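Every number in this text was worked out from the coordinates using simple rules, so none of it is lab data. Given the structure is predicted, the values throughout are model-derived calculations rather than measurements. Heads up, the Cβs are rebuilt from the backbone with ideal geometry, glycines too, and the neighbour counts pull from every protein chain shown.
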Amino acid sequence: MTAARAIEAPDHPNVRFTSMVTVSLGGTGTIGHVVDNTGGPSNAASNVADLVRYP
């Protein structure tokens with residue numbers, strides 16, 4: 001299974017995220033980015049993708 005992103009958020013100055021993480025369990029799937037087109041990927045090569053803050 002492949003997902004382009006874990007979280008899709010509106011592009012607005014009041015939208016903020018901190019300490020986000022995505023995990024590919026068992027390395028069998030891929031999450032391309034953590035939030036929108038930022039961060040990542042998490043896949044078989046790198047199971048965990050951290051994103052400290054967005055934007």
Self-check item: Count of residues meeting criterion [among the small types (Gly, Ala, Ser) and part of a loop (DSSP other than H, G, I, E, B)] in segment 18-35
Solution: 2
Quiz prompt | Failed criterion for residue 9 (all others in (1) surrounded by 13 or more Cβ atoms within 10 Å (Cβ to Cβ); (2) assigned to a strand (DSSP E or B) hold) | solution = (2)
Quiz prompt | Whichever residue in segment 36-55 is in contact with an Asp or Glu (Cβ under 9 Å, 6 or more places away or on another chain) and in a loop (DSSP other than H, G, I, E, B) and, among such residues, is surrounded by the most Cβ atoms within 10 Å (Cβ to Cβ) | solution = 39
Quiz item: Only one of (1) of a type in the set (Val, Ile, Thr); (2) more than 9 Å from the chain's Cα centre (by Cα); (3) part of a strand (DSSP E or B) is not met by residue 15, so which one is it?
Solution: (3)
